[in-house]
1. Restricting attention to the range 38-58, report how many residues are under 25 Å from THR149 (Cα atoms) and out of contact with any Asp or Glu (no Cβ under 9 Å at 6 or more places or on another chain).
2. Residues to consider are ALA116, ALA109; find the one that is of a type in the set (A, V, I, L, M), out of contact with any Leu (no Cβ under 8 Å at 6 or more places or on another chain), surrounded by fewer than 20 Cβ atoms within 10 Å (Cβ to Cβ) and at pLDDT 95 or above.
3. Taking the criterion of being assigned to a loop (DSSP other than H, G, I, E, B) and within 16 Å of the chain's Cα centre (by Cα), would at least one residue in the range 5-27 satisfy it?
4. Out of all the residues in the range 55-81, which are touching a residue at least 12 places away in the same chain (Cβ under 8 Å), of a type outside the set (Lys, Arg) and assigned to a loop (DSSP other than H, G, I, E, B)?
5. Among helices (runs of 4 or more DSSP H) lying entirely in the range 84-163, which contain 1 or more residues that are over 15 Å from ALA27 (Cβ atoms), of a type in the set (A, V, I, L, M) and touching a His at 6+ places or on another chain (Cβ under 9 Å)?
6. Kindly establish whether ALA35 is over 14 Å from LEU130 (Cα atoms), of a type in the set (Gly, Ala, Ser), touching a His at 6+ places or on another chain (Cβ under 9 Å) and modelled with pLDDT under 95.
7. Does the range 35-53 hold any residues that are surrounded by 19 or more Cβ atoms within 10 Å (Cβ to Cβ) and among the hydrophobic types (A, V, I, L, M, F, W, C), and which are they?
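The values are calculated or read from the model by the stated rules, or taken from the named source; none is laboratory data. Note that the structure is a prediction, hence the values are computed from the model and not measured. Here the Cβ is made from the backbone with ideal geometry for all residues, glycine too, and neighbour counts use every protein chain on show.
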Amino acid sequence: MLTDTIIEDDRWSVLEFEALAETAAHAALGHLGLAEAGFEVAVLACDDARIAELNTEFRDKPTATNVLSWPSEERGAEVDGDMPEPPESFDPELGDIAIAYETCAREAAEAGKPMADHVTHLVIHGVLHLLGYDHVRDKDATLMEGLETAILGKMGLSDPYEG
């Protein structure tokens, strides 16, 4: 398996989260031609309280957020809009992702979309972060959002940035 999932909050079971995370991670890597590369991603399915602790500890932001990611090494592009470094040099353990139930449920409801679709997007988003993609700079954000939209489109899911 590509993903090693830890479920700390039982509410995630309604989404069959392990299978959802595995499918989303495979879709992201497959789109980039990395599906068979032997990578591993750790995924923590938690609640807002836990992700707020992690956000405080690692980003000095004492609030809940939808998803956090910790790449095993820095892979980002130096130039805004360039592709991250080539995957041949990657550690097989790409890194860790944490995702918070309450925030995801609230965001999905506010957007009027199924929670499974929103969570699929956020897992893909987290995996792309582990691969070195980011959205801090404008051209990087355009690149990352385009990839997310393309991957979700191949899965039959709508563009999360539409509207």
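1. The number of residues fulfilling the criteria is 1.
2. Result: ALA109 is the single residue among ALA116, ALA109 that is of a type in the set (A, V, I, L, M), out of contact with any Leu (no Cβ under 8 Å at 6 or more places or on another chain), surrounded by fewer than 20 Cβ atoms within 10 Å (Cβ to Cβ) and at pLDDT 95 or above.
3. no
4. ALA64, THR65, ASN66, SER72, GLU73, GLU74, GLY76, ALA77, ASP80, GLY81
5. 101-111, 138-154
6. Taking the combined requirement at face value, the residue satisfies it.
7. Correct list: PHE39, VAL41, VAL43, LEU44, ALA45, CYS46, ILE51.
Residue by residue, here is whether (1) in contact with a helix residue (DSSP H, G or I) (Cβ under 7 Å, 6 or more places away or on another chain); (2) over 17 Å from LEU32 (Cβ atoms); (3) among the β-branched types (Val, Ile, Thr) holds:
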{"position": "ASP96", "(1), (2), (3)": "no, yes, no"}
{"position": "ILE99", "(1), (2), (3)": "yes, yes, yes"}
{"position": "THR103", "(1), (2), (3)": "yes, yes, yes"}
{"position": "ALA109", "(1), (2), (3)": "no, yes, no"}
{"position": "ASP117", "(1), (2), (3)": "no, yes, no"}
{"position": "ILE124", "(1), (2), (3)": "yes, no, yes"}
{"position": "LEU130", "(1), (2), (3)": "no, no, no"}
